[in-house]
Amino acid sequence: MKFYAVKKGRQPGIYTNWPEAQKQVQGFSGAQYKSFTSQEEAVVYMEDKPQAPIASDQLQAYVDGSYDKRNQAYGSGVSFILNGKEIESLSFAGDRDIFLESHQVAGECLASLAAIKWAVLHEYPSITICYDYQGVESWATGDWKTNKPISQVYKKEFDRYASLIQVHFRKVHAHSGDPLNDRADQLAKAALGIG
């Protein structure tokens, strides 16, 4: 099933069939719309709120995941940024059977958890997790159901650590030339020995 999110059109909203969505955008000047395979993604697209700037003295962690199909492993990368400079990075791989079905998403979630644990260990009062896969935020906040082993473990661990530190989330666009997001991606791939 597809979901059609009409952000700008005659009647903005989420539609479950193209003919209905098409009526809202066809001939509408400046129409904005997109199709998605899940309702959650359509909702996120509709809510795309402008983001406030992050204070330079706020600890940020850019997180990303990767997957190596040949070796059946996922990789995680984290780049910690403070005052515009990388102060630490993490790069690690895993191959737990129950997480493999989630491919790089497992790496992304585990990167987020590693970033939060690192910040707690180093006694930071708060951290902003910068991610490109929406589940990193939506599972943590409870907006998405945790149906798979990785999302269940992620939510449980997140709840455990969230009581010790204030966690903020910021969505960044994947493969958009953001050097910090690219750095996290490189770290995730390096953990798997792939370029």
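Since every read-out is calculated from the coordinates, none of them should be taken as a lab result. From a predicted model like this one, the values you see are computed outputs, not experimental measurements. Neighbour counts run over all protein chains shown; Cβ positions are idealised from the backbone, glycine included.
The DSSP beta bridges internal to the chain are antiparallel in roughly 75% of cases. Report, to one decimal in Å, the Kirkwood hydrodynamic radius for the range 46-195 based on all distinct Cα pairs. When all Cα pairs of the range 46-195 are included, the Kirkwood radius is 15.2 Å.
The alpha carbon centroids of the range 1-36 and the range 139-158 are separated by 30 Å. Ratio of Rg to Rh for the range 1-124: 1.13 [Cα atoms; Kirkwood radius as inverse mean 1/r over pairs]. Modelled spin labels at GLN39 and GLU88, positioned 7 Å past Cα toward Cβ, are 4.0 nm from each other.
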